[in-house]
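Visitor: Would you mind keeping the following structure in view while I ask a few things?
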Amino acid sequence: MSTPRIKLHDMCLRDGMHPKRHQISLEQMASIACGLDDAGVPLIEVTHGDGLGGASINYGFPSHSDEDYLRHVVPLLKQAKVSVLLIPGIGTVEDLKIAADCGIHTVRVATLCTEADVSEQHIKAGRDMGLDTVGFLMMAHMIDADQLAAQGLLMESYGAQTIYCTDSAGYMLPADVTARISALRKVLKPETEIGFHGHHNLSLGVTNSLAAVEAGATRIDGSAAGLGAGAGNTPLEVFVAVAQRMGLETGVDLYKIMDVAEERVLPIMDQQIRVDRDSLLIGYTGVYSTFLLFAQRAAARYGVSSRDILAEMGRLRTVGGQEDLIEQVALELQAKGAARV
Amino acid sequence: MKKINCALIGSGNIGTDLMVKALRSEWLNPVWMIGVDPESDGLARARAAGLKTTSEGLDAALPHFAADEIGIAFDATSAYVHAENARKVRAAGVFMIDLTPAAIGPFCVPPVNLEAHMARQEANVNMVSCGGQATIPIVYAVSRVQPVKYAEIIATVASKSAGPGTRKNIDEFTRTTARGIEQVGGATKGKAIIILNPAEPPLIMRDTVHCLTETTPDEAAIRDSILAMIAEVQRYVPGYALKQGPVFEGNRVSTFLEVAGLGDYLPKYAGNLDIMTAAALRTGEMFAQRAGDGGLKLSAGEAA
C-alpha cells in the first residue's frame with residue numbers, strides 16, 4: 001500500500017485575515033503567497049476572512065477588495081493554485097463569477113454543518129464554471145458523525161468533489177475527528193475527497209489533523225505560523241515536520257515553509273496568535289473562533305469582560321456570522337453590571 | 001362597511017397564515033384559497049373556515065372572480081409561478097399583492113411607501129423579503145433625517161423558518177433585500193446578510209440594521225425617528241421590538257431588533273414569515289379602506 005499523499009491548503013491569506021482585521025496589504029499578500037508557492041504548498045486561499053462578499057460593517061471592511069487581492073496574487077504563482085471561500089447568505093454567485101474571472105482554481109462553499117441545502121446554487125455554479133468545488137461544513141462539532149455524513153452527502157449530490165469537516169470552534173477532540181471523517185468516508189463516493197480544517201484553541205490542530213488523515217482525509221488546512229482566527233489554524237510548518245517524520249507525503253519543503261512562517265508571516269502579526277484565555281474559552285465551550293477579536297473590542301468599548309461575552313455567545317448557541325450579536329450582548333452585560341452597582 | 005373580497009393564491013405556510021389573519025380583518029373578506037395540492041393542510045383549513053377552494057390552481061378559480069367580486073389577490077406561491085399569475089389576475093382587473101420574490105411590481109414596505117403606491121394606483125405591489133420588511137423601515141427612519149451612504153442588514157432566522165424555496169435560492173434574498181434597502185430605504189448602497197441558526201427551541205428572528213450617514217449623525221433626531229417608526233410597524237406586527245440601540249459610533253448608527261410572530265398558523269419564533277403576512281395584510285387593508293372611502297378604484301371590472 002502506498003502512503004497517501006496529503007494535499008495541504010494554506011489559510012494565512014483568508015482565515016489569517018481575521019486576526020489582521022482584513023488589513024493585509026497587497027505587498028504582504030504577494031510576499032506570503034510567493035513564499036508558500038516556492039515552498040511547494042499546492043493550494044492557497046485568498047479571500048476576505050468571511051469569504052467573498054464579506055466586506056461589511058458586520059465583519060469588517062478590508063484594505064482591498066477580493067478582486068484586487070486575487071488579480072494581484074494569482075499571476076505571481078508558479079505552481080500553487082488559489083482558492084476562495086464563499087458563504088451563501090453573505091456572498092453570491094455573482095461574486096464567484098468575478099473570482100473565477102481572476103483565475104482561481106478552487107471554490108469552497110461553506111455552510112453551517114446543519115444547513116448544507118443552502119449550498120446547492122453555489123456548488124452547482126462552481127462546477128458549471130469548471131472550478132474544483134469543495135463543500136465546507138462549518139462548526140462540525142455541533143452534530144454527530146452520522147448527521148454530518150448526511151449533510152456531506154447532500155453537498156456531494158449537488159456536485160461537490162471534496163467535503164470538509166470544519167472545526168471552526170477548535171472544540172473537537174481527536175476521537176471526534178476520527179468519528180466524523182470515518183462516517184463521511186463510509187458514505188461518500190470513493191472519488192470524493194475529504195478534508196479537515198482545524199483551529200488550535202485547545203492546541204489540537206496538528207493532532208486532530210493526523211486523526212483526520214488516519215481516518216481517510218486527504219486534504220488538510222493549516223496556516224504558516226498559524227495565522228488564523230481564535231488561537232489560529234493548524235500551524236502548517238509544524239504539520240509538515242510531523243508528516244515528514246511519519247512518512248506522509250505532502251510535497252512541501254520543510255525548511256522553506258519554516259522560513260515563510262518566521263520571515264514573512266510572523267512579522268505582519270498585530271498580536272501574538274496564541275492560546276490566550278479567550279481563545280481557550282472558545283475552544284473549551286465551542287464558540288466560533290472569529291468572535292475572538294469582536295468580543296475583545298466590545299469588551300473594551302463597553303467595560304465588560306470578553307470572557308463573559310464569549311460565554312454568553314455560547315449559551316445563546318450562536319453560529320458563524322452572528323458577529324452582530326456581540327455588541328448587543330456587550331450592551332446587555334453592561335446594563336446588568338450597571339444594575340448590580 | 002362592506003369588506004373587500006379577496007383570493008389567496010398558494011396554500012402553503014404563508015398563504016395559510018395570511019388566511020388566519022384575513023379572517024380577523026375588518027376590511028378584508030377571504031373568499032378563495034387556491035392551491036395545487038389536494039392534500040394540503042392549508043386547503044383543508046380554508047374549507048373548514050368556509051372559503052371556496054380549489055386544488056387545480058388559479059385557472060380553476062379565475063372564472064369565478066367576477067361573480068365573487070374579488071377585489072384583491074394575494075400571491076404566496078413562488079417567483080416562477082407569480083409571473084403567470086400576475087398576468088392573469090391583472091387581466092381580471094384585480095389588485096395583486098405579491099409575497100413571492102418575483103418583484104414584478106414595485107416594492108411595498110407599508111410604513112414607508114404604501115401611501116405613495118395607493119396614490120399611483122399601482123396594480124401589483126411586491127413585499128420584498130422577510131428581512132426587508134423587518135429592516136427597511138429602520139433604514140428609512142435614518143435616511144429621512146439625513147443622507148445614508150450605506151446601509152447593511154443582518155437577518156438571523158431559525159433554520160426551521162427557512163423553507164425550501166429560500167434555501168434553493170438564497171442569493172435572491174440577499175439581492176432583493178439589498179435592492180429594497182436602496183430603493184425604499186433610501187440608502188445610496190445596500191447590503192443584506194442572512195444567517196440560519198438551528199438552535200432548539202428555535203430562536204426568534206433577530207435583525208441588525210447598520211447605517212453609515214454621510215455626515216455626523218443627529219443622534220436625538222435619529223433616535224426619535226427610529227422610535228416613531230418602530231411604533232408604526234408595531235401597529236401591524238405587535239412582536240416587533242427594539243432590543244438595543246440605536247448605538248452611535250462615528251457615522252455608524254446601529255439598531256438591534258427582534259421580531260416575534262403572532263403564532264397564527266406559523267410558530268411565534270418565525271417572525272420573519274409573520275412580518276411578511278402581516279405586511280401583506282396591512283397593504284390589503286389599507287387599499288380596501290381607501291377603496292371604501294371612494295378614494296381608490298380596486299376592480300376595473302374588465303372580466304365582468
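Rule-based calculations on the coordinates, nothing more; no lab input. All figures in this text were calculated on a predicted structure; none of them were measured in a lab. Note that we place each Cβ from the backbone using ideal geometry, even for glycine, and neighbour counts take in every protein chain shown.
Visitor: Rounding to the nearest 10 and keeping the result within 0 to 90°, find how far the Cα-based axis of helix A:291-302 lies from the longest principal axis of chain A.
Guide: The angle comes out near 20 degrees.
Visitor: With the dipole of chain A worked out from charges on the C-beta (+1 for Lys and Arg, -1 for Asp and Glu) around the Cα centre, which of A:L292, A:M17, A:I6 lies farthest toward the positive end?
Guide: Of the candidates, A:L292 comes out farthest on the positive side.
Visitor: Placing +1 on the Cβ of each Lys and Arg and -1 on the Cβ of each Asp and Glu in the protein assembly as shown, which of A:Q28, B:A228, A:H200 has its Cα farthest towards the positive end of the resulting dipole?
Guide: After comparing all options, I get B:A228.
Visitor: Once you have the Kirkwood Rh of the stretch B:1-157 from its Cα pairs, apply Stokes-Einstein at 10 °C and 1.306 mPa s and quote D in µm²/s.
Guide: Answer, rounded: 96 µm²/s.
Visitor: Let me ask something additional. Work out how much length A:K186 to A:V242 would gain on full extension: take 0.36 nm times their residue separation and subtract the Cα-Cα distance, in nm to one decimal.
Guide: Full-extension gain reported as 17.5 nm.
Visitor: Most fluctuating residue of B:P30, B:P198, B:P164 in a GNM of chain B with Cα springs under 10 Å: which is it?
Guide: B:P164
Visitor: Taking 7 Å along the Cα-to-C-beta vector as the label spot, tell me the B:A44-A:R317 distance in nanometres, rounded to one decimal.
Guide: According to this spin-label approximation, the distance is 2.8 nm.
Visitor: What is the magnitude of the charge dipole of the stretch B:130-269 about its Cα centre, with +1 placed on the Cβ of each Lys and Arg, -1 on the Cβ of each Asp and Glu, and no other charges, expressed in debye to the nearest 20?
Guide: Computed about the Cα centre, the dipole is about 320 debye.
Visitor: Still on this structure: Using DSSP to call loops (not H, G, I, E or B), can you name the trypsin sites (Lys or Arg not before Pro) in the stretch A:305-338 whose Cβ has at most 15 other Cβ atoms within 10 angstrom?
Guide: Answer in residue order: A:R317.
Visitor: Show me the trypsin sites (Lys or Arg not before Pro) within the stretch A:20-80 that DSSP assigns to loop and that have at most 13 other Cβ atoms within 10 Å of their Cβ.
Guide: A:K78
Visitor: What average count of beta carbons from other chains do you get within 10 Å of the Cβ of residues in B:146-153?
Guide: 1
Visitor: If you keep only loop residues by DSSP, which trypsin sites (Lys or Arg not before Pro) in the stretch B:139-202 have at most 10 other Cβ atoms within 10 Å of their Cβ?
Guide: Passing sites in the stretch B:139-202 do not exist.
Visitor: How many partner chain Cβ atoms sit within 10 Å of a residue's Cβ in peptide A:316-326, on average, as a whole number?
Guide: Taking all residues of A:316-326 together, the mean is 6.
Visitor: Taking neighbour Cβ counts within 10 Å as the exposure measure, how do B:Y265, B:Y240 sort from fewest upward?
Guide: So the residues, fewest neighbours to most, are B:Y265, B:Y240.
Visitor: Can you bin every Cα-Cα distance in chain A into 10 Å intervals starting at zero and give me the percent of pairs per bin, rounded to whole numbers?
Guide: Whole-percent P(r) values from 0 Å outward: 6, 28, 37, 23, 5, 1, 0.
Visitor: Give the residue from B:A86, A:T111, B:M19 lying farthest towards the positive end of the charge dipole for the protein assembly as shown; charges sit on Cβ (+1 for Lys and Arg, -1 for Asp and Glu) and the dipole is referred to the Cα centre.
Guide: Positive-most Cα among the choices belongs to B:M19.
Visitor: Does a label point 7 Å from the Cα of B:T216, set along Cα-to-beta-carbon, have any residues of the stretch B:234-264 with amide nitrogen under 15 Å, and which are they?
Guide: B:248-252
Visitor: Given bins 10 angstrom wide, list per bin the percent of all Cα-Cα distances in the stretch A:290-340, short to long.
Guide: Taking all Cα pairs of the stretch A:290-340, the binned fractions are 29, 59, 11, 0 percent.
Visitor: A further question follows. So for the stretch B:130-269, considering every pair of alpha-carbon atoms, how many percent are separated by more than 25 Å?
Guide: In whole percent, the long-distance tail amounts to 24.
Visitor: Taking only pairs that are 8 or more places apart or on different chains, how many Lys pairs in chain B have Cα atoms under 23 angstrom apart?
Guide: Close lysine pairs under the 23 Å cut-off: 19.
Visitor: What residues qualify as long-range amide H neighbours of A:A231, i.e. H under 5 Å apart, gap of 5 or more or another chain, H built at 1.01 Å from N?
Guide: Counting only residues 5 or more places away or on other chains, the set is A:H200, A:N201.
Visitor: Same structure, new question: Assign unit charges at the C-beta atoms only (+1 for Lys and Arg, -1 for Asp and Glu), then state the dipole size of the protein assembly as shown relative to its Cα centre in Debye, rounded to the nearest 20.
Guide: Computed charge dipole of the protein assembly as shown: roughly 820 debye.
Visitor: Only bridges with both residues in the protein assembly as shown count here: give the DSSP antiparallel percent, nearest 5.
Guide: The antiparallel proportion sits near 25 percent.
Visitor: By DSSP, what percent of the beta bridges with both residues in the stretch B:130-269 are antiparallel, rounded to the nearest 5?
Guide: Close to 70 percent.
Visitor: To the nearest 10 degrees, how steep is helix B:13-23 against the longest Cα principal axis of chain B, on a 0 to 90 scale?
Guide: It is inclined by approximately 80 degrees.
Visitor: In nm, give the distance between the simple-model label positions of B:A199 and A:K124, each being 7 Å from the Cα along the Cα-to-Cβ direction.
Guide: 3.3 nm
Visitor: Hey, another quick one. At 222 nm, what helix-only mean residue ellipticity would the protein assembly as shown give, in deg cm²/dmol to the nearest 500, using -39500 (n - 2.57) for each DSSP H run of four or more?
Guide: That comes out to -12500 deg cm²/dmol.
Visitor: Under a Cβ-only charge scheme (Lys and Arg +1, Asp and Glu -1), can you give me the dipole magnitude of chain A about the Cα centre, in debye to the nearest 20?
Guide: 520 debye
Visitor: Taking the mean number of other Cβ atoms within 10 Å as a proxy for protection, how do you rank A:46-57, A:25-36 from highest to lowest?
Guide: A:46-57, A:25-36
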